[in-house]
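The values are calculated or read from the model by the stated rules, or taken from the named source; none is laboratory data. Keep in mind that this is a model prediction, so the values were computed, not measured. Note that each Cβ is placed from the backbone with ideal geometry, even for glycine, and that neighbours are counted across all protein chains shown. Surface accessibility is based on the protein's heavy atoms, side chains included, excluding ligands, DNA and RNA. Shrake-Rupley method; radii C 1.70, N 1.55, O 1.52, S 1.80 Å.
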Amino acid sequence: MGINAPRSKKLLIALLVAVLAAAGIFLILTQKEYSLDFMAMDTYDSVKVSGLEAKAAAEKAREITENLDVNVLSRHSEKSLIYALNRDGKAKIPTEYSQYFNTMTGAFYESGGAFDFTLGKISDLWGIGTDNERVPEEDEIKAALDKAGADKAVFDGGTFTVPEGLSVDMGAAGKGIALDEIRKAYGSMLVRRAVVSLGGSILLYGKGDFTVGIQTPGGSGYMAVLNLKQCCVSTSGSYERYFEKDGVRYHHILDPETGYPADSGLVSVTVVSDSGTLSDILSTACFVLGLENGKALCEKFGCEAVFIDIENTVHVTDGIKDKLEITDDTYRIEESR
Ligand code: ADP
Ligand code: MG
């Protein structure tokens, strides 16, 4: 026995090494990648996942987005919570979603009303992106503006109450909310890395570096790239949805003060944040506010941003200055002042 002991120990170690190697090879061979494209939330969506549960995770992203769209956030789906809220003036918000409604309310006040989730009626008047696009009459806009205003909505943590005639519209926050829900789900799945893009809002999930392109405003392809760790990135731009009438371009991001498309000297704003909801909300709010006030708002929320103005000048917040590379030389970066 005593003489055999070292030998059996060696054997055991060899066996252990073999088992570990086999497990390693198994893991490498079973690391899968999976991609999925779909349409939800009125936009094109795509998911790319790697990891043992790649396929299930990609399908989960679609399921979460579609469910949120149809059953919770859409103001056109008769099954949705927001539809019921707009119809009845009151809706119970499930606890799992209450943080998002708190964030939206906070962002309304912090942005001085630039982000306002009650512009549904005014969006309907303009009908941008639908068959009913038109420039509304001034008195129509005024009447719709009188009914709007997130200060008229009350969320007590459980129930949302809005006055008759007010239309809650989640268009500027919904994709970000979906990204936060997807990230939460991935926390308990075997996901190594994922890139989930819902229209202009993107979740980068997992270890290591990611490269994200910033779309060329009004053009095809990208004019810059951002090199980032995991986070959420959201872009709002005037080139995304618009129509032209008598040589004037009318786009879908509205200035809640005027009821007309925001005209702050910017063509696109990209916001980087750990929170999908915040990145989505703030990209819209910053677009309305313009460069200086937009920068101040991002600072308040601890977010970083890239602003592109109508003169093709790119302005970047300090925290991501060294993460941005301009790839299209018709754009120039603003020199530090
Ligand atoms: P997209 O949905 O194209 O990614 P945004 O995230 O900027 O763009 O959201 C724009 C949508 O949000 C509009 O289509 C409209 O439904 C709504 N919206 C427009 N202006 C505002 C605003 N100032 N505050 C909040 N929501 C807005
Ligand atoms: Mg948005």
Item to check | Pairs where the first residue, in region 181-205, is farther than 17 Å from residue 56 by Cβ and the second is open to solvent by 20 Å² or more (accessible area, probe 1.4 Å) and of a type in the set (A, V, I, L, M, F, W, C), C-beta under 7 Å, 6+ apart | outcome: 198/41; 199/41; 202/195; 204/195
Item to check | region 171-188: number of residues that are open to solvent by 40 Å² or more (accessible area, probe 1.4 Å) and over 15 Å from the mean Cα position of the chain (by Cα) | outcome: 2
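For region 281-300, enumerate the residues that are within 12 Å of ligand 1 (Cβ to nearest atom) and either closer than 17 Å to residue 249 by Cβ or open to solvent by less than 10 Å² (accessible area, probe 1.4 Å) (or both).
281, 282, 283, 285, 286, 287, 288
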Item to check | Cross-chain or 6+ apart pairs with Cβ under 6 Å, region 228-243 first and more than 20 Å from residue 276 (Cα to Cα), then part of a loop (DSSP other than H, G, I, E, B) and among the aliphatic types (A, V, I, L, M) | outcome: 241/128
Item to check | Matching residues in region 263-282 - criterion: being in contact (Cβ under 8 Å) with a residue 60 or more places away in the chain and either among the hydrophobic types (A, V, I, L, M, F, W, C) or not in a loop (DSSP other than H, G, I, E, B) (or both) | outcome: 276, 277, 278, 279, 280, 281, 282
Checklist entry - Taking region 71-91, which residues are more than 17 Å from the chain's Cα centre (by Cα) and in contact (Cβ under 8 Å) with a residue 12 or more places away in the chain? => result 75, 81, 82, 85, 86, 89, 90, 91
Checklist entry - Any residue at all in region 147-170 that is open to solvent by less than 20 Å² (accessible area, probe 1.4 Å), modelled with pLDDT of 95 or more and closer than 30 Å to residue 230 by Cβ? => result yes
